[in-house]
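Q: Next up is a structure, given as structure tokens.
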Amino acid sequence: PAWMRNEPNITYVVYQRRNATWPFYTPNVGKEAAVHFQFIHDHYHHLPLQTAFLHENPTDHSPEWRDWLRCLRPDAEYVPLVRGILHRSPRVWGAFGAAQETCWRSTLDAFNMSHMLPPGDLPNMSFHCCTQSVASRRQLQRLPRHAFARAQRLLGVGANGRCGLDRTPPRARWKELSYAKECGADAESG
């Protein structure tokens, strides 16, 4: 990309989704999260002190991202590279809300964090849009490497993906969903 120019102390790694025989290939599922999880898994034992996760056109989401990187403290653990914070409930997605809630719950499960969202609780999520951020090696390695592989699988990378929301909605986990409870859906079929 045009924005990717050589700078001191910056190494770029660009994953592509066009040709499985080329370097840094990842299947075209799971939007940017699948790429982030794959990078972390692939480089887990030799991650840089800080990793900036960017879109193909980072300026579209944050014109200031490069300036922010130049001012980044070397001990920063996590820094968003966008200004906006989104607040979402599964109801925002209408009929697709059950699939979204299932995806959030499955992602927490992949990292053994399902306790953060007990069954039946409404998952009102707040997050920085566009998934452009910096994370430290220390922060990323707080989670085991195999958890990133589990997260990739749930997004549809490899066999039995069930959360590739840009493809087929996952089978909803109706017994856990706040969405289903509120809508009076059958606990097995939805």
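Q: Can you work out the FRET efficiency for the pair Ile85 and Asn19, with r the C-beta to C-beta distance and R0 = 25 Å, to the nearest 0.05?
A: 0.10
Q: Right, here's the next one. Considering only the other residues whose Cβ falls under 10 Å of the Cβ of Tyr44, what net charge follows from Lys and Arg at +1 and Asp and Glu at -1?
A: +1
Q: Set the Förster radius R0 to 41 Å, insert the Cβ-Cβ distance between Trp3 and Leu122 as r into 1/(1 + (r/R0)^6), and round the FRET efficiency to 0.05.
A: In this case the efficiency is close to 0.60.
Q: Additional query: Counting Lys +1, Arg +1, Asp -1, Glu -1, what net charge surrounds Glu77 among other residues with beta carbon under 14 Å of its beta carbon?
A: Local net charge: +3.
Q: Using θ = phi - 60° and the Karplus relation 6.51 cos²θ - 1.76 cosθ + 1.60, list the HN-Hα couplings for the stretch 23-38 in order, rounded to whole Hz, with x at every Gly or Pro.
A: Each residue of the stretch 23-38 in turn: x, 6, 8, 9, x, 8, 9, x, 6, 6, 4, 4, 5, 4, 4, 5 Hz.
Q: Report P(r) for the stretch 1-119: all Cα-Cα distances, bin width 5 Å, range 0 to the bin holding the largest distance, values in whole percent.
A: With 5 Å bins starting at 0, P(r) equals 2, 8, 14, 18, 21, 17, 12, 7, 2, 0.
Q: For Gln16, which sequence-distant residues (separation of 5 or more, or a different chain) have an amide H within less than 5 Å of its own amide H, given hydrogens modelled in the peptide plane?
A: Here Tyr25, Thr26 satisfy the definition.
Q: Test of the criteria: in the stretch 1-100, which GluC sites (Glu not before Pro) are in a DSSP loop and have at most 15 other Cβ atoms within 10 angstrom of their Cβ?
A: Sparse-neighbourhood loop GluC sites (Glu not before Pro): Glu56, Glu64, Glu77.
Q: Heavy-atom accessible area per residue, the stretch 7-119, 1.4 Å probe: how many Å²?
A: It amounts to 59 Å² per residue over the stretch 7-119.
Q: Something else about it: Quick one: which residues, 5 or more positions from His128 or on another chain, have an amide H under 5 Å from its amide H? H modelled 1.01 Å from N in the peptide plane, none for Pro or chain starts.
A: Here Leu86 satisfy the definition.
The values are calculated or read from the model by the stated rules, or taken from the named source; none is laboratory data. Computed from a predicted structure; not experimentally measured. Glycine gets a Cβ as well: all are built from the backbone with ideal geometry, and neighbour counts include every protein chain shown. Areas reflect the complete protein model, heavy atoms only, side chains present, ligands, DNA and RNA absent. Shrake-Rupley method; radii C 1.70, N 1.55, O 1.52, S 1.80 Å.
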